[in-house]
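Trainee: Let me give you the structure first, and then I'll get to my questions.
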Amino acid sequence: MGFADRYELLELLRDDGIKTFAAREIASGRPIIVYLLTGVQPQRSRELLDQVSILKERNAPELIETGENFGTPYVVTETMPGVLNIRQWLVTIMERYAAPGPAGSPDHLTRVGKWKVPAAPPSPPPQPQTGP
């Protein structure tokens, strides 16, 4: 079953390089949001899809599907009041499903962007041993 067999695009809500549509899932009739990554540079598109794949691995129910339609990557999500672009959606959902950070420190994994594991601080040099 193809994209057009599963989803009906109803209204273009936003076009900032990523087209955001109010849509309907045909099989169930439920309202959804479809993000078409049409005017995004391939590197930026890959970064967004990498972040979305983290949510897919965590089984986030707000994420319905990702894929390609005639070479255009897309993301299908549940509707969320006040969220009109995929970046807002990612920030909101990442906050829900991010792994907890160490106690007393901000959790830097809840922010959208490239995630990097911080390098361990260098070990102190060994101290010379003195005899008894």
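The values are calculated or read from the model by the stated rules, or taken from the named source; none is laboratory data. All figures in this text were calculated on a predicted structure; none of them were measured in a lab. Backbone-built Cβ (ideal geometry, glycine too); neighbour counts: all protein chains shown. Side chains are part of the model used for accessible areas, which takes the heavy atoms of the whole protein and leaves out ligands, DNA and RNA. Shrake-Rupley method; radii C 1.70, N 1.55, O 1.52, S 1.80 Å.
Trainee: What pairs come up if the first residue lies in the range 31-49 and is closer than 12 Å to THR20 by Cα and polar (S, T, N, Q), the second is open to solvent by 10 Å² or more (accessible area, probe 1.4 Å) and assigned to a loop (DSSP other than H, G, I, E, B), and their beta carbons are under 8 Å apart, counting only those six or more places apart or on different chains?
Mentor: THR38/GLY17
Trainee: What's the number of the only condition in (1) under 21 Å from TYR97 (Cα atoms); (2) part of a strand (DSSP E or B) that ASN59 fails to meet?
Mentor: For ASN59, the exception is condition (2).
Matching residues to (1) open to solvent by 70 Å² or more (accessible area, probe 1.4 Å); (2) touching a helix residue (DSSP H, G or I) at 6+ places or on another chain (Cβ under 6 Å); (3) at pLDDT 90 or above; (4) among the hydrophobic types (A, V, I, L, M, F, W, C):
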residue	(1), (2), (3), (4)
ARG30	yes, no, yes, no
VAL34	no, no, yes, yes
ARG58	yes, yes, no, no
VAL75	no, yes, yes, yes
ASN85	no, no, no, no
MET94	no, yes, no, yes
LYS116	yes, no, no, no
PRO128	yes, no, no, no
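Trainee: Taking LEU49, is it at pLDDT below 90 and not aromatic (Phe, Trp, Tyr)? Don't jump to the end; show me each part of the working.
Mentor: Numbers: at pLDDT below 90: no; not aromatic (Phe, Trp, Tyr): yes.
Here the answer is no, as LEU49 does not meet what is asked.
Trainee: Right, here's the next one. Return the pairs, sorted by first residue and then second, in which the second residue is surrounded by 12 or more Cβ atoms within 10 Å (Cβ to Cβ) and not aliphatic (A, V, I, L, M), the first residue lies in the range 1-16 and is in contact (Cβ under 8 Å) with a residue 60 or more places away in the chain, the beta carbons are less than 6 Å apart, and the residues are 6+ apart or on different chains.
Mentor: The qualifying pairs are PHE3/ASN69; LEU13/THR20; ARG14/THR20; ARG14/ASN85.
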